[in-house]
Every structure is written in structure tokens, then in C-alpha cells.
Amino acid sequence: MNKSFKRIITVFSITFIIIGLLSTIIYWYIKSTLPNYTGMYQVSGIDGTIKIIRDKHAVPHIYADHKNDLAFGMGYVMAEDRLWQMDLFRRVASGKLSEIFGAKTLKADRFSRVLGFKREAISLFNNLPPDQKVYLETFVSGINKYIKLHPDKIPIEFKVLQYKPEYFSSIDIMALSHFQSYASNHNWKYELLRATAIMELGEIKGRQLVPAMTFHGPYMSQPGEHNKREGTPAIQNFSQSNIQTLNTNISITKKQINSQVGNKIFAAMIETDKIINSLSGIRTNQVHSNFWIVSGKKSKSGKPIFSNDYHMPFLLPSLWYELHIISDGIDAIGITMPGYPTILAGHNRHIAWGATTTGADTQDLFWEKPNPANHNEYLYKGKYYPFKKVKEIIKYRENGKLQTEELLVKISRHGPIINSISKSISKDDPPLALQSVKNAAKGQLSFTMKIYCAKNWSEFKQAIAQIRTPIWNWGFADSMGNIGYKLNGKIPLRKNGHGLEPHDGWTGEYDWKGFIPFTDLPEVFNPKTGYIISANTEVVNAKYPHLIFGSTFQLPFRAMRIESLLNEKNNQKLNQQDIRAIQKDQHSQFALNLNSYLQKALSETKNNNNKLIAMNKYLKNWDGNTNTKSVSNTIIQEFFLQLLRRTFANKMSQSLFKQFIESGNLNYAASVLLLMLRDPDYEEWFDNPHTNEIENKNQTIVISLNAAYDSLAKYFGNDISHWRWGEIHKTLFKHQMGVVAPFKWFWNIGPQQIGGDFSTVNPGTYLDIYTKPYWATHGASMRHIVDFGNWQNADLIITTGQSGRWLSPYYDDQADLWHEQKYINIKTTKKDITKDSIGETVFIRAN
């Protein structure tokens, strides 16, 4: 062995030893920062003793003598497990991301400052009732107590990014609530999408691309009632008249749209949405869920069974946090979001509650007309009024130093002018105001104060009655055998129009004139069917006197499938295991519908080459199962994406196509595609304008299937039997820091195979249609089942784990259980909780 080779071996050995030593030091340093979940502390600001017992999954069971002390305990445990995630969320809401991440997040900070989540929070906090203010401040003091007591046990993300956590304020929490309320509303996307489509494609084509849809049910407020058109795509009657009535103000609207400011604002809003999503994992229009409730007459226990799963982004740490709170008259279990002082979905000894989003239209866009002589004023009903002005100072990090940017926010009577989100929009462009429900988070603390102790339908409705937003479908069951559904929130009543696109704000003709009264909002109590189903479908039929939906809701197939499974056993009673099986279901009626059009096209064109014949062997008798082993679903999903491109992408700009796809998480594009496949009036959409031939629908379907073969063969190879869905459709839970090396090598969880599509009961929604594998980034982020015949044996699971602290054993201990469709059982008695305890923390009131 020569000397040079020995030197190389020596260098490699030394390098390996150094890397090993550094890795060991880093490992043990990070381990030393993890909380140990034990301790006894004397603190001021609490009313009595608080005991926090952590079970084997680190779920905190908080015992307190007083309700406000529960809030202190909740704040403390969330900080203990999710402090960095909470800090990230509050920076999103307050527009302070750039203080840490630099100029690349300035657009996101401008967005939050323009929309004024913190301004709204200050206004709302100042007007809170004293008991709610005290509860919130006690929650915040729990967060800050952890920061103060444990400066050496702060999450490693703070060290990596070289900053220290600031103390939280009540305003931070309220601002976060306002941001989340905004994120669950998404009508602005469809208004701008429709305006952009009209500008680019013309009046008729633009409206055909972005119609207001209906599937004629199933209607949430009418369980068990069906009509022969149910599940059939069509255009809402009210939107049909819009083309005729638009001519009354077309000259003004066209002038505004043709300035291209609408398109620039849309692009800026979409880009901002992506920035926020890349950091926090949260984006608008990604809030979909299931709940279904069966009464005692359909259950083996003779008591209601309540099931709920929220279809939200797959975040790391999980978006949800599990907890159990116990005090005088309170014994509640469920999930919340880090930074929220409440249980958003869960159960106590008497009732269970949960929700799905409605897709209700609670936002409108208004063009304002500035005074030509003074752009600080705008026209309204023949008079000029001054814009309200707010100066915002945004700090951002650059070259290791904090710089500042001054942002002037203008606000009209309709809302903030969103032009200033993007610097590409000039001062001469017409201002566009976004109107949304004011004091959006109002009522959320009222809900908190009442829901824990609610025992019946009446008390449940009192708890949700004051919530302004989000607009949710609320599900209810109680131990006495009752089940119920109630839609709640502030849904605007409009003087004219349906909020489908931006309107001129200066006439006042399209202003809001109030909200649908709580008593007029749909509800169901103990229906004859013995069940209630909510899966983001339409709530009411056309006979309902008020407009709830503007443009969008979810495909109807989840609701239809759930109902089919509930009735599958005829007169047999259902148990908790049956409900688990439904939560697991991955049958896709959407995919089967697509397949029916494909089969018809293959039959009628008789242009079956060897590739088509080989693929059709997997499709012809397919049952719609989209599990990870399904070859059939791989072919159908790829065919769907190819058909989208050939129906839409070749007729519009790349940016409009992307906005069309991304605005509705594929769901909206799929709805429009089904409409066009069914209705011969849309035949010309299937022609490729770039060829000399005029293609018809069947030809384009066959061309798309051929393209699907080529795409999949390039990825998998030519052996179709290897084209299993799980090989191309996966989850990867990405930590916000896990998008770059070296963190992505050890902070992320996955990848793992997953079944389902965006329309299945158990969904696996993918958003990026250009890159394989298709990463499922959204689905059942939590699952909850409670049978009131044995409420102590309730099921609960979140996607990853309680802790957001890498190297904690509770960082990912629920991930495999979630993937395997299993659950944890949160114990309810102190004896059982203590038996498996991993630690106890006690707070004693200081004299």
C-alpha cells in the first residue's frame, strides 16, 4: 500500500470521525432541548392548582379547578410542543415573516398588512367581554410562562434561524384567528379567475370556463331526499341570467378588466398564497371535510355514533393538536390548532361536535373609482369620500441587518384596496377593494366558553350562534340519542348580483345589506332517515330564499358514497368498526364517471391500438377502488390529467390554465370537465385549435388515453402490471425547514404510498399535475369517532404526532397508525391516564 493511498485513508478516517463526533454532539444537544414533561412550579396569575398528565402519546390531560386555569394549561402545553409552529403562524397573520426569512417573503407580509388581520384583532380584542378577555389573556400567559421557564428548551428551529421567540400577546392569537377565517374563504379566487378568463377568452368562453355549478344534490339539509338529477353537473340558474344582465354595466366592467389590473392582482394573490403555503402549509380553498352521524335506531349500541375527519393540508408538525381538559363540569376531548384556546372538534360526556366547510360566498370584490383630481378620494353614489389610510412599517432581514419598507394601505367603505400587495400594479390602475365579514373571529371565544359544558341541542346551538366566520356546517350528537346539523356564520345578503365577479363599487347597487339571520340558516334535527351526512356538497336546493354558494362546492361523490355505505347493510345495525371502514373507503365515483366516457369513446371510435387494448383490460370491468395496488386508477388519473390539458390548456395562456387548475385544488376543474363531457353544447372545447383537423370529444378522449400511456410508460416502463397507484401517489410530510438539505434528509416523514383521489371519502389530494410522483398534500388530517354507547372508547388520530420537536419520540409516533387507518384511544379516567403516563407537570398558585 503506497503512502499517498495511506494518506487518503487517513484523511477519510479523520473526516469520518469528525463528522461522527459533530453528529453526536448535535444529536445530544437537540435531545437536551426537548421538554421532559415533568416539573412543579409556583406561578402567579392562576386561580388554583393545575396538573398536566401526559399519556403514552404525549397527549396532555389538563386538570384544573377553574375554567381559566384550563386556558393557562392549554397555552403552556402548546408552547411546550409547538412553539416554533405557533410563532410561524403568528408571523403569517401579523405580516412579520420577512424579519426572519428576508425579502423573499415581503409579498406575504404586504398581503397580511393590507388585509389587516392584526388591525381587526386589535379592534375585536378591545371590545371583548371581560370574561372572554381574561380567558384569552390567561391562555397567552401559559404560552409565555413556558418561554420564561425554559429558555434552554426552545425548539431548535430558533437556533438554526438565529432568533429568539418573543412573548405572545392576545392580539397575536386574535390575528391568527382572523387569518384562519380568511383562509377558509376563497371566493376572491373565483371572482378574479372569472374576470381574467373573460378578459382573455371573451364573454362566452370565459363564463363557460368558470361557471357557477350545481350537481342537484345531495343536499345536506335534506337527508334521504333524492331526485333523478342528483350527481349530474349543470350550471346554476342564477348564473345563466348573468350574461344578459351584464350588458347593463359591461362598458365599465370591460374597461376595468382590460386594464389588466385584475389579472396582475390575481397573479400576485396566487403567488402570495403559494409563499404562505410554502412556509406555513396553509393556503386558501383547502378546507374540506366529512362528518356523518347515525342515530341510535341505526346503531348496535342504540346510541348515536358521530364521525368526523377534516381534509386539510398534510403539515409537519400536524395542523392539529390533541388534548383532554377536565375541570368542574368540564370533561372534553378533541383537537385544536396550535395557538387556539379551544377544542374545535371533539366530545364531552354529553355531546359530540365537529364541522365541515360550506364554501359559502362571504367575500366580494369592488372596483372603486378615484377622484381624477385627488386620488386619495373615491366616488360613492355621486359624492367623493376620502380613503382611510393606514401606514404599515414592514421589517425585513437583508445581509444580516433589519431593513424597513413603508406600505400605505388604503381602505374604502367596501374594504382594503388590495392593489398594493404587488409593486407591479401602478398607482394609476383602478383600485380593487376586497370586502369580507368584519370582526371575522368574533364569537370564537364565546363558542369556547360554552361548548365545553354543552349538554344538549339547545346549548350546542347557543355555543355556535355567535361565530361569524368560518361558515361551517356543524354536526351534533348527544348521549340522549339526538343528532343534528346546523349551518352557521355571517353570510351576506346582497342588494343585487350574486358575487360572481368584481362589481363597480361607486353605484352602491351591489352592496351588502345585512346577513342571513341565524334562525333562517338551514338545520336538521333527528331526521327520519336516522343519519346526517356532510361532505362539502350543496346545502339547500333552489327553493331556499337566500344565496349561500357563489361559484363552488365539492364534488357530490363523497356524500353519495357515504350514504350508500350507511345503507349497504339494509336493516343491520352499525357499530364503531363499520364507521371506521367508511372512513377508510377509497372508492372513486368520479374516476368511474370518467371511465364511462372513456369506454364509450373507445367503443365508438374503434381506433384501438395495442396500447389502448392493453390498458383497457384494467379499465373495462374496474370497480373504482383507488387503493395503492390499483393499476386501473393510475391509468384513469393520468388520463384525467392528459384530458384536462387537451380540453383547456391548448385554448388559453399557461398562466390562466394554472390558475384554473390551482384555484380549486383540481376539484373545480374536474367539475367543469364533467359538465363539458356531459353537455354537447361544449363540444368545441374538445377541438385542438393548433391542428388543421377539428377533433370531437371522443377523438380527444382517445388521444388523451394514448398520451397517458406514453407518460406512464416513460415513468414506469412498458409493463402495465407495474403501474400501481401507490408507486406514483405518495405522502411526504415536509417540515417547513425540510425543503432544503441537510434538513430534508432527516426532518421529513416519508415518503409513503397512499391511495385515494380528491373525490374519495378517504382522500389523497394531489395539486401538482406536472411532476411525478403525484404528492398527496391534503386529505384526512385528523379522524374522530365516538359511539355514545361507549363514549370512553372514542377514536382519535392525527397525521404525525403531538410534538413538533425533531428527535422527540412523539414527533412521528402517530404517522404509521394514521397511514394504517388506526386510531389512538384517549383515556378518560385518571387511573387509566396515570397508568401509562410519561410525565406530570404541576402548577401551584403563588401566594
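The values are calculated or read from the model by the stated rules, or taken from the named source; none is laboratory data. Everything numeric in this text was worked out from a predicted model, so none of it was measured. Positions of Cβ are generated from backbone atoms using ideal geometry, with glycine treated the same way; all protein chains shown enter the neighbour counts. Ligands, DNA and RNA are stripped out before the accessible areas are found, and what is left, the full protein with its side chains, is counted by its heavy atoms. Shrake-Rupley method; radii C 1.70, N 1.55, O 1.52, S 1.80 Å.
Taking volume of the Cα convex hull per residue in Å³ as the quantity of interest, determine which of (1) 199; (2) 155; (3) 183 was computed from the displayed structure.
(1)
Quick one: with all protein chains in place, what share of the accessible area of region 750-847 is carbon or sulfur, to the nearest percent (1.4 Å probe)?
46
Under a straight-distance cross-link criterion of Cα-Cα below 20 Å, which aspartates and glutamates are reachable from K118, leaving out those fewer than 8 residues away in the same chain?
D87, E99, D109, E137, E166, D172, D273, E392, E405, E406
If we count every other residue with Cβ under 9 angstrom of S422's Cβ, Lys/Arg +1 and Asp/Glu -1, where does the sum land?
For residues surrounding S422, the net value is +3.
Listed here are the pairs K303/K461; K51/K827; K298/K620; which of them are more than 27 Å apart at the Cα?
K298/K620
At q = 0.22 Å⁻¹, what log₁₀ I(q)/I(0) does region 382-510 have when each alpha carbon counts as one equal point scatterer in the Debye sum?
Results for region 382-510 at q = 0.22 Å⁻¹ read -1.27.
On a 19 Å Cα-Cα criterion, which of the cross-link pairs K96/K145; K104/K391; K300/K569; K145/K835; K104/K658; K714/K772 come out too long?
K96/K145; K104/K391; K145/K835; K104/K658
Could you list the square roots of 5 times each eigenvalue of the Cα gyration tensor of region 563-623, that is, the equivalent ellipsoid semi-axes, sorted largest first and rounded to whole Å?
One finds semi-axes of 36, 11, 9 Å for region 563-623.
What ranking, highest mean first, results for peptides 394-403, 34-43 when packing means the other Cβ atoms within 10 Å averaged over each residue?
Those peptides, ordered most packed to least, come out 34-43, 394-403.
Does region 14-144 classify as rounded, prolate or oblate by the C-alpha gyration tensor (a ≥ b ≥ c root eigenvalues; a/c under 1.5 gives rounded; else a/b over b/c gives prolate, otherwise oblate)?
Cα axes put region 14-144 in the oblate bin.
What is the percent carbon and sulfur in the accessible area of region 670-732, measuring with a 1.4 Å probe over the protein chains and ignoring ligands?
The C+S portion of the solvent-accessible surface of region 670-732 is 44 percent.
Per the Kirkwood treatment, what hydrodynamic radius in Å, one decimal, follows for region 585-701 from the mean inverse distance over all distinct Cα pairs?
Kirkwood hydrodynamic radius for region 585-701: 15.1 Å.
Checking the a/c ratio against 1.5 first, then a/b against b/c, what shape does the Cα gyration tensor give for region 55-118?
In terms of gyration-tensor shape, prolate.
So how far apart, in nm, are the two label points at N227 and K600 if each is 7 Å from Cα heading toward Cβ?
Distance between the two pseudo-spin positions: 2.2 nm.
Going Cα to Cα from K513, which lysines come in below 17 Å? Please leave out same-chain ones fewer than 8 positions away.
K381, K438, K490, K495
Taking all pairs of distinct Cα atoms, average 1/r, flip it, and tell me the Kirkwood hydrodynamic radius of region 667-751 in Å to one decimal place.
16.6
Order the peptides 481-488, 805-812 from the highest to the lowest mean number of other Cβ atoms within 10 Å of their residues.
Highest mean packing first, the order is 481-488, 805-812.
Separation between the Y715 and A581 pseudo-spin-labels, each 7 Å from Cα along Cα→Cβ, expressed in nm?
That separation, rounded to one decimal, is 3.2 nm.
Would you list which aspartates and glutamates come within 12 Å of K455, measuring only between C-alpha atoms, while excluding same-chain residues fewer than 8 positions from it?
D331, D478
Out of the total accessible area of region 498-546 (probe 1.4 Å, heavy atoms of protein only), what percent is carbon and sulfur?
Whole-percent figure for carbon plus sulfur exposure: 55.
Label-point separation (nm) for N439 and N36, each offset 7 Å from Cα along Cα-to-Cβ?
4.8
Using only helices, what value at 222 nm comes out for the chain when you add -39,500 (n - 2.57) per DSSP H run of length 4 or more and divide by the total residues, to the nearest 500 deg cm²/dmol?
Calculated at 222 nm, the ellipticity per residue is -11500 deg cm²/dmol.
So if R0 is 22 Å, what FRET efficiency would A542 and E683 give, r being the distance between their Cβ atoms, rounded to the nearest 0.05?
Using R0 = 22 Å, I get an efficiency of 0.20.
Grab the other residues whose beta carbon is less than 12 angstrom from that of R558, score K and R as +1, D and E as -1, and report the net.
Computed value for this residue: -3.
Cα atoms only, region 98-215: Rg and Dmax in Å?
According to the Cα coordinates of region 98-215, Rg and Dmax are 20.8, 64 Å.
With a probe of 1.4 Å, find how much accessible area the chain has per residue, and write the answer as a whole number in Å².
38
Taking a ≥ b ≥ c as the square roots of the Cα gyration tensor eigenvalues, with a/c under 1.5 meaning rounded and otherwise prolate when a/b beats b/c, else oblate, which class fits region 782-847?
Note, shape of region 782-847 comes out oblate.
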